[in-house]
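A quick write-up on the structure given underneath.
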Amino acid sequence: MKKILAAVVATLMLATVIIPAQGFAAGEDKGLEDAIKAAKSLIEVPEDYKLTSSFGNEGDMDYWELFWNSKDDLGGSISARIRNDGTLLWYDQYKREYYQDDGIKFPKVSRDEAKTIAENFIKKVNPSAIDNIKYYEAGQAPLGDHSYYFNYIRVINDVPYYNNSIYVSVNRDTGDVVSYNYNWTEGLEFPDASEVISIEEAQKAYGEKMGLELIYQSSNVKDELKIFPVYVPEYDNNTFGIDALTGEKIEFGSRNIPYYIKNEMAMDTAMKQAAGAGDGGEIRLSPEEEKEVQEISKLIPLEEAEKIARDSSEIGLDNESMNLERYNLSRNWRNKDDIYWSLTFRNNPDVDGEEIYKYASVRINAKTREIISFYISTSYDEDDKAVDDKDTAKAAVEEFVKKFKPDKYELVELEDEEFDQPIILKETELPKSYWFRFTRKVDGIPFPGNGFSVTYDAVRQRVTEFSMEWYDVDFPSVDGAISEEKANEALFQEVGLELQYKEVYPKDAEIRDYSKVKPEMKLAYVLKSGKPYNLDAYTGKILNYDGTPYKETKISEYTDIEGHYAENQINMLSEFGIGFEGSEFKPNQQIKQKEYFALLVKIINNYYSPVLSDVMDEEEVERMYNYLIREKIITVEEKDPEAFIKREDAIKYLINAMKLSEVASIKGIYNYPFKDAEETNPDLIGHITLAYGLKIINGFNGYFNPTGEITRAESAVIIYNYLKR
């Protein structure tokens, strides 16, 4: 497998000249004065704000950072970074009114209005950039957010360069620009895009020279480990692409900035050693508790785990000076059937007279007694030099794994990736350590989630760190998987390629500071961003990283509401992700209790967003009802997911969600506004009257029809009116 994972080199924060201003240096009052004037020509600063400032430099750029604050606690603050040529690099302002929590409501400023405000601000502070940017649609923002967020990508010759951008946020209620960030690199030379190969030629080249790889992935679904096969790009999309001029594979980024993604053995569910069963009193254990006690009782004791660690020649603990300092028993968070002893050993130089501090950690499977991972601390003297080179280290590590894990050695493959090795600081100096990754293969198919990672100390000539992840599970067959050719077709159809400008840095081991190095700009075809790159091995459809089907977040466009009295309300809700999945809203259909609540929770909890479809996930529905019961919006007795909901109950639940149920329940103080009071539940007179007073409901010809079953359209109007209040 040839996956390459490399960090993207940070770009310089440079810009074009906006306002001519005299250059400044630290300590010169004139420089600060020019910076203040330049900033205040672009942004509004209240006259009574007090100012503090700081001076800085980054590469070739001098700048002042200006911080204005109100003199009392009732105002706000403004921050700005202004470059020595008058360019506004970033800006941020705070006012208390921006973050007042008065419940979720429709914003007073529409998204289109806010977008116009953002672009007018860019024109004001950076007029030369406005014609060289393109708005990047980021999808729906939660209704409860205080601001709209707009991201503009730099575009040259109609080709995007994603490493340069302008970001603006606008408050939803005031229309104020809350923040601005200008990330731009000067001095880049962009090649002409008129001679690029076609998208069809790029797709063919991608399939032949990069392509996809069939692998196994894993995730936890309902506390169960799930293994599933997927096609994924063989090469990392941020590091490789197709040269748009030659059709060859091209590498981006810097070779000297490796980015390691090691397979960490994360843990959760902290567990103590099982306690005794007690004195046989009346306290009884549940069947699940009995099961846990039985499982823990079969594990190896701490003393045996410690002996395994100390007896291992591969770990090589110094048993005379290393004391067991900490230990715990815990489950593997991905595969909860695996339970580990984690042991920490440490010497005490002060007490033992040792001059060198030593530390070691060991993890042992408490069921199988197998060593899962270990780490031995390493310290170097100033004159220590590496003895082994990469090839020698590689051979030593392979021999180590063959001896340490003989039953698994034949089931893994060593990844030969140049980026895995540390930076060589000098041409004549060898790295002091090397890192290697062994990937598990199941019937020839890679499973990156399982395998070994090994660190080799080239000075001490030994392995100092080993970590393993290995699941004892059944793997699904791939007999029905589509071909790689079909998978490539699905990739281009579901995701697609995009022409972009990418930077390529020189591969020079002597370069220390890449912030001062101008990259060579290349035209390349790469996969479009915004979607996962996992393709179901059987269907070619996009999967999320947990193996569930990917669904693109977009504003629903219903085909059955044109001309309906609730058309505008339904469309407005849809803009903020409130509605039903699919192309039909079915406005005149009665709404089920669970469907009504799925709409309701989206306007009372900004972070709760159940999917509304004709077939709602049972577990998701159960979580939703648990939340509603906790919040006292509904009682356990009222829970009836499949039942149609009456109008008076719909209002009751909304008033409960508004935390007004106690006030609404006061008897004798409400003047019921409708003519059908006798049909209304007496306990809900206050709820309905409050909803009328808040203009959430209006009735029809003086009637409310409290016991009638509410429709989807009527529910949408109620939700809309609540948000419009």
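The values are calculated or read from the model by the stated rules, or taken from the named source; none is laboratory data. The structure presented is a predicted model; accordingly, all values stated were derived computationally and were not measured. Neighbour counts are summed over all protein chains in view; Cβ atoms, including those assigned to glycine, are modelled from backbone coordinates with ideal geometry.
Some notes on this structure:
- Search result, residues across segment 449-483 that are of a type outside the set (A, V, I, L, M, F, W, C) and part of a strand (DSSP E or B): G449, N450, G451, S453, T455, Y456, D457, R462, T464, E465, S467, E469
Table: residues versus (1) in contact (Cβ under 8 Å) with a residue 40 or more places away in the chain; (2) surrounded by 15 or more Cβ atoms within 10 Å (Cβ to Cβ); (3) not assigned by TED's automatic domain parsing to the domain that holds S574.
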{"position": "K108", "(1), (2), (3)": "yes, no, yes"}
{"position": "N120", "(1), (2), (3)": "no, no, yes"}
{"position": "K123", "(1), (2), (3)": "no, no, yes"}
{"position": "I133", "(1), (2), (3)": "no, yes, yes"}
{"position": "P142", "(1), (2), (3)": "yes, no, yes"}
{"position": "R154", "(1), (2), (3)": "no, yes, yes"}
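- Filter result (closer than 28 Å to D546 by Cβ and aromatic (F, W, Y)) within segment 316-347: W333, Y340
- Selection status of E213, part of a helix (DSSP H, G or I) and either over 30 Å from N120 (Cα atoms) or touching a residue at least 24 places away in the same chain (Cβ under 8 Å) (or both): no
- Annotation note: of F150, F67, the sole residue that is assigned to a strand (DSSP E or B) and more than 30 Å from G577 (Cα to Cα) is F67.
- Checking segment 636-653 against the condition returns a match, with at least one residue being part of a strand (DSSP E or B), modelled with pLDDT of 95 or more and closer than 29 Å to Y565 by Cβ.
- Considering residues of segment 631-655 that are closer than 12 Å to V601 by Cβ and out of contact with any Ser or Thr (no Cβ under 9 Å at 6 or more places or on another chain) only, the residue surrounded by the fewest Cβ atoms within 10 Å (Cβ to Cβ): E631
- Screening segment 691-719 for residues that are surrounded by fewer than 20 Cβ atoms within 10 Å (Cβ to Cβ) and not in a loop (DSSP other than H, G, I, E, B) and picking the one that is nearest to the chain's Cα centre (by Cα) gives T711.
- Test: residue in segment 116-134 that is among the basic types (K, R), at pLDDT 90 or above and either touching a Phe, Trp or Tyr at 6+ places or on another chain (Cβ under 6 Å) or assigned to a helix (DSSP H, G or I) (or both): yes
- Residue that is nearest to the chain's Cα centre (by Cα) [pool: residues in segment 526-554 that are more than 30 Å from Y501 (Cα to Cα) and surrounded by fewer than 16 Cβ atoms within 10 Å (Cβ to Cβ)]: D546
- Residue count for segment 91-106 satisfying the condition of being within 23 Å of M572 (Cα to Cα), under 26 Å from the mean Cα position of the chain (by Cα) and crowded, with 16+ Cβ neighbours inside 10 Å: 2.
Quick grid of which residues meet (1) touching a strand residue (DSSP E or B) at 6+ places or on another chain (Cβ under 6 Å); (2) of a type outside the set (A, V, I, L, M):
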site	(1), (2)
V526	yes, no
G530	no, yes
A537	yes, no
K541	no, yes
Y550	yes, yes
T559	no, yes
F576	no, yes
